[in-house]
Structures are given as structure tokens and as C-alpha cells.
1. With runs of 4+ DSSP H residues as the only contributors, calculate the mean residue ellipticity of the chain at 222 nm using -39,500 (n - 2.57) per run, divided by the residue total and rounded to the nearest 500.
2. Could you rank Ser322, Ser27 by how accessible they are, 1.4 Å probe, largest area first?
3. Test of understanding: in a Gaussian network model of the chain with alpha carbons linked when under 10 Å, which of Lys192, Lys221, Lys248 would top the mean-square fluctuation ranking?
4. Below 8 Å between Cα atoms, with a sequence gap of 6+, how large is the relative contact order for region 1-158 in percent?
5. What full-extension length gain, to one decimal in nm, is calculated for Glu80 and Ala252 as 0.36 nm per residue of separation minus the Cα-Cα distance?
6. Can you pick out the pairs among Lys123/Lys303; Lys9/Lys122; Lys162/Lys221; Lys33/Lys281; Lys9/Lys281; Lys123/Lys162 whose Cα atoms lie more than 23 Å from each other?
7. Region 72-103: which trypsin sites (Lys or Arg not before Pro) are DSSP loop and have at most 12 other beta-carbon atoms within 10 angstrom?
8. Which residues does the label zone of Ala58 cover in region 130-150, counting backbone N under 17 Å from a point 7 Å along Cα→Cβ?
Amino acid sequence: MNTTVSPEKTPSVYGQVQLGYVLVDSSRLADWKRFAADGIGMAVAENTASVLALRADAHARRLIVRSRPNEDVALGWQIEGDAALSTILERLAARKVPVEEFAGEQAALRGVERFWRFVGPKKQALELFTTPRLEGEPAKVIGSGFVTGARGLGHVAITTLKPDAMVKFWQEIFDARISDFIEDRISGINLKFTFMRVKPRHHSIAIGATRGVAMDPFVSKIQHLEMQVATLDDVAAAYRRCRALGFKIAMAVGQHTNDRDVSFYAVTPSGFYFELGWSSKGDEEAEAWPQVVHQGISLWGHKPQDHTLGDQLAQLRNGVMSLFRDEYTPF
Ligand SMILES: [Fe+2]
């Protein structure tokens, strides 16, 4: 029986979706505080033995790190309005994807009133919410501030063994549109990235896959999380702070070919990367950009910095190991 519901049969939710929060499970809370607060410059909202919560703007929480023995990452997607939320839940139900609703303590941890949770591609927990808890006091961040608002918290990049299924998932459930593609050869591996937007910002999700034999060199659920800051000086200052604190820089400052982000990639205590960037481009331009294939992820820079031979071998080993496992897709 074909249970697929084409997105055309339900109203489009395009423009009503943005990355709202990221929930990290980690055993390294103290390192995460040094990284996210002292390095990246976010403001601490809660810091106990079991929870570290950080602010970037008016939202009570944007990044939450929960003490757990195993590293994991869940993504919280902010949906504009109950109608769009109902549409997404309807699409998941039509595909027999189980969804659980939460309020109370679990919602408070994430800084939202309530949320709906399901398991997405790669067995990643994806959570939906409409109403974030907001604070009256501005977030005491370092520097001139993070760019969020209509752009949401930032973007994520996810590596996959099944790029076609993953692209289809974001298209069918969230009406994601493809902005463009990038092909590049990184650490000796040929990669293709598909950049998808769920609103005018150039992308909220980037999907990375090897070309030829399908391999996944990253064991973490996301390859990187990106946030934007208000000025180029903020990027430079955070780069210097991360280095001074001894955090590894996977890729030094450079500029991307497609969204023109000027950014660097630091290695988080959980192993995935954190991209901090600044862009002169507005969201209107992203809508108009042609759907082309860029050759190379960067116009300049983004050179591997603290990426040792050991790191390269570990990624190669992860890639080879991924040949022997199947990747979960929800439908
Ligand atoms: Fe990125």
C-alpha cells in the first residue's frame, strides 16, 4: 500500500520552519561551558551538574547540554503557528512515524512550552515546537551579538549514507527547497553537499554525502552546527578566544562559495564541529540565487588547522566502518 502523501495535498509550510534549539547529550559539561560560553560567547542560563543551558538572544534557551554517558544531538525546530504544526504532524501520521508530545519538565529543559518528538533520518531525534519561552532581560553574550530572528538559531550539516532519502524527507515533511549544491574533495574523499532552505535564509540544513561508494566519516548525528554573529570582528574575536582556550580548530577562517559566510570551524567537546560565521548577504538574495553546483566549499581559506593525521585516520576508519551498517530512514 502506498501511504505517501504528496506535499501538494496539504498546505505548504515553507517559510514557517526554522532551527530553534539544539539539545546535546554529553559527558563533558564543564568543557562545553568553556567552549560555548567562554569561547563562542553565548550567555549561561543554567549551569548545574546535570544541565548546561545557553542563550544567544531573547529565547530562554538556544543550546542545551544535558549530562549523559553517550554523546548525542537532537534538533528543535520552531514552527510558526498551529496550522503549520498540524500539517507537519498530519504528514508524519500519514507515513506512520510515531510522534510523542511533551510538556512540563522536559519542555522547561528546552525552554519551550511544549514539544512534539519523533525519530528522523539517521535515528536523530527531531523535535517540533511553536512557543519558545522568552526572557525580558537581554542575553549577556560576548561581542555585539548573534544574528537570529527570522533566520532562526542557525544551520546544521548532516552526513548521510542515503542522501536521496534524506533530501526527500526534508522535502516531504518540511517543504524544504534546494538552494544549491557544492562538490569538493576533502581529506581525499569526494563529497557532494545539498543545501536546503525551509525559509528565505540560504540554508537551514546541509546534507553531505560521498560520491561513488556511500560512506559516512562522521559518527555524530550532525557534522556541524552553525551560528552567525553580527560583525566580522565578532568572528575574529571568537576565533582567538577558542584558540587561547585550547580548543581545536578544524578549519581556520575562510569564506564559503554559496552563502558567502565568513567563518571558522572549531571542534566541540562532543566531537562535531561548530561553525561561527558572519555574512553580508541578506535573506532576500538567497531566494534569488540560482540553483547551481559550486566547485569547492570555499572561495578562500577554511584550511585544515588542528586536523592531525590521527584525526584524518579516525574519519577514514569511521567511513570504512559505515560500509558495514545500514542507516535508518523513517519512511
Ligand atoms: Fe555550514
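1. -6000 deg cm²/dmol
2. Numbers: Ser322 0, Ser27 75 Å².
So the residues, ranked largest to smallest area, are Ser27, Ser322.
3. Ranking Lys192, Lys221, Lys248 by mean-square fluctuation puts Lys248 first.
4. Working: 296 pairs, mean separation 44.1, N = 158.
Dividing the mean separation by the residue count of region 1-158 yields 28 percent.
5. Working: separation 172, 0.36 × 172 = 61.92 nm, distance 3.55 nm.
Between Glu80 and Ala252, full extension yields 58.4 nm more.
6. On the way: Lys123/Lys303 31 Å; Lys9/Lys122 27 Å; Lys162/Lys221 14 Å; Lys33/Lys281 31 Å; Lys9/Lys281 34 Å; Lys123/Lys162 13 Å.
Violating the 23 Å Cα-Cα cut-off are Lys123/Lys303; Lys9/Lys122; Lys33/Lys281; Lys9/Lys281.
7. Values: sites: Arg91, Arg95, Lys96; in loops: Arg95, Lys96.
Loop-located and lightly packed - Lys96.
8. Inside the label zone: 130-141, 145-150.
The values are calculated or read from the model by the stated rules, or taken from the named source; none is laboratory data. No experiment lies behind these values; they were computed from the predicted model shown. Every residue, glycine among them, receives a Cβ derived from its backbone with ideal geometry; neighbour counts consider all protein chains shown. Surface accessibility is based on the protein's heavy atoms, side chains included, excluding ligands, DNA and RNA. Shrake-Rupley method; radii C 1.70, N 1.55, O 1.52, S 1.80 Å.
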